[in-house]
Amino acid sequence: MRSSRVLLGFGLCLFAGALLVGNVPADDISERARKLHFSSIVLDTHADTPQRFFSQTFDLGKRNADGHVDIPRMREGGLNVQFFSVWIDGRILGPPAVQKALDQIDAIRENVKKHSNDLVFCRTADDIRRAHAQGKIAILIGIEGGHMIGNDIRVLRMFGDLGVRYVTLSHFYNDEWADSSTDKPVHNGLTDFGKEVVREMNRQGILVDISHVSDKSFYDALEVSKAPLMASHSSCRAISNHARNMTDQMIKDLAAKGGVIQINYEEAFLDQAYKDAYEEVAGGVVSNKFQADIRKTCGDDSECQMRESAKVVRRLTEEGKLPHVGWEKIIEHIDHVVKLVGPSHVGLGSDFDGADMPEGMEDCSKLPKITEALLRKGYSEDDIRKILGENTLRVMAQAERVAKEMGSKDAAK
């Protein structure tokens, strides 16, 4: 009996010693990750949720059975800063594009007012920090496609006055002054007017977003801009060779000028096997066989288009025509960027409510998984905070400084 107690005591000592030398139990890591996540600024640079604001059935303040973003799930997932994206079809140009963009900007601002107990409208990095200190969710606006300025730089200034904090230079199609990554090039990158748009964005403190643009448009913007660029919802082409993703060299050049790539969670952007399979059954990004049928069903109702597209993907996955993609691929892309350029140039740009999410990242309530996965990989808490939001806040602050400097120079003339 006595020898059994000695052995038991010895075993307990060994277990305690193991804890002291660093074999931390899994539940301790989970608790550390939870505390880290819910004390951090968790910033997502791209969600297409404003398309849902025009639905009779959607309520941002209630938990919805579909979609990816609403206030209850934002709270559950610790998502406390969200850029809501203003999007319209890239083939709509001129005054109709401007009007539709204004309609969505107004819808975003009205939803913030309606849910002011939880949400606050923000313009600057300091605004976001104040919102975080108050326990509010910061809401900002991005314009997804330069066609919405109606080829008129004065509209860009008006958008800035209304609180728009980034503009994606193009979308799926070329606009009047910038080539898209998913269209045949016609401008050889940015036109002279396009370069002036970038300069004006610098003056307004509006972030230059190069997601969706052609490689040449990216390099033109990189050369012209005095402020760092962002890729609000792009992933790594080295992992999934998609035109919407960035090459390693582009990521290095973006980082060299202080910019940030925010990883997109869309399955085709994350996983090469999925991209290849989808292109085989759907006919590729540009000639998608399913879009005509979806448009027949939905017309121009983008909320309906999103639902129908998701149904197609589910059906193809169930039939075994598309492979399963796990949320861990997001971590693979983050890790790839960090290995290339360090932890100061990558962030989160989900494409919630505008793309098909990988398994395990069905909506924004699942975001704490990212923090825990990075902690388990050995990332420091400071570096994780950078990835969750601080990197994007830094770029915002730099863009704001550039705007002040340019404004001072203009005033001195």
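Of all positions in the range 34-44, none carries a residue that is part of a loop (DSSP other than H, G, I, E, B), among the charged types (D, E, K, R), exposed (fewer than 13 other Cβ atoms within 10 Å of the Cβ) and at pLDDT 95 or above. In the range 73-86, the residues that are in contact (Cβ under 8 Å) with a residue 40 or more places away in the chain and assigned to a strand (DSSP E or B) reach residues that are surrounded by fewer than 22 Cβ atoms within 10 Å (Cβ to Cβ) and among the aromatic types (F, W, Y) with C-beta atoms within less than 9 angstrom, at least six apart or across chains, in these pairs: F84/F53.
Look at T297 and say whether it is surrounded by fewer than 16 Cβ atoms within 10 Å (Cβ to Cβ), modelled with pLDDT under 95, hydroxyl-bearing (S, T, Y) and over 19 Å from D44 (Cβ atoms). Even if it seems obvious, please write down each step before you answer.
On the way: surrounded by fewer than 16 Cβ atoms within 10 Å (Cβ to Cβ): yes; modelled with pLDDT under 95: yes; hydroxyl-bearing (S, T, Y): yes; over 19 Å from D44 (Cβ atoms): yes.
So T297 fits the description; yes.
Within the range 148-174, work out how many residues are open to solvent by less than 10 Å² (accessible area, probe 1.4 Å) and either of a type in the set (A, V, I, L, M) or within 19 Å of L229 (Cβ to Cβ) (or both).
Applying the first criterion (open to solvent by less than 10 Å² (accessible area, probe 1.4 Å)) to the range 148-174 yields 148-149, 156, 159-160, 163-164, 166-170.
Applying the additional criterion that residues be either of a type in the set (A, V, I, L, M) or within 19 Å of L229 (Cβ to Cβ) (or both) yields 148-149, 156, 159-160, 164, 166-170.
Count: 11.
Rundown of residues vs (1) under 14 Å from the mean Cα position of the chain (by Cα); (2) β-branched (V, I, T); (3) over 16 Å from A355 (Cβ atoms), yes/no style:
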{"residue": "R244", "(1), (2), (3)": "yes, no, no"}
{"residue": "L254", "(1), (2), (3)": "no, no, yes"}
{"residue": "K257", "(1), (2), (3)": "no, no, yes"}
{"residue": "Q262", "(1), (2), (3)": "yes, no, no"}
{"residue": "D271", "(1), (2), (3)": "no, no, no"}
{"residue": "D276", "(1), (2), (3)": "no, no, yes"}
{"residue": "E280", "(1), (2), (3)": "no, no, yes"}
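Aliphatic (A, V, I, L, M) and modelled with pLDDT under 55: does that describe L20? The answer is yes for L20. Taking the range 198-215 as the range and being surrounded by fewer than 24 Cβ atoms within 10 Å (Cβ to Cβ) and either over 22 Å from the mean Cα position of the chain (by Cα) or closer than 23 Å to L270 by Cα (or both) as the test, the residues that pass are R199, E200, R203, D215. Going through the range 332-384 one residue at a time, which ones are crowded, with 24+ Cβ neighbours inside 10 Å and acidic (D, E)? Of everything in the range 332-384, those that are crowded, with 24+ Cβ neighbours inside 10 Å and acidic (D, E) turn out to be D351, D353.
Consider the range 118-141 and keep the residues that are part of a strand (DSSP E or B) and of a type in the set (V, I, T). The one that is nearest to V402 (Cα to Cα) is I141.
The values are calculated or read from the model by the stated rules, or taken from the named source; none is laboratory data. Since we're looking at a predicted model, the values are computed, not measured. Cβ sites come from the backbone with ideal geometry, for glycine too, and all protein chains shown count toward neighbours. All accessible areas refer to the heavy atoms of the entire protein, side chains included, with ligands and DNA or RNA removed. Shrake-Rupley method; radii C 1.70, N 1.55, O 1.52, S 1.80 Å.
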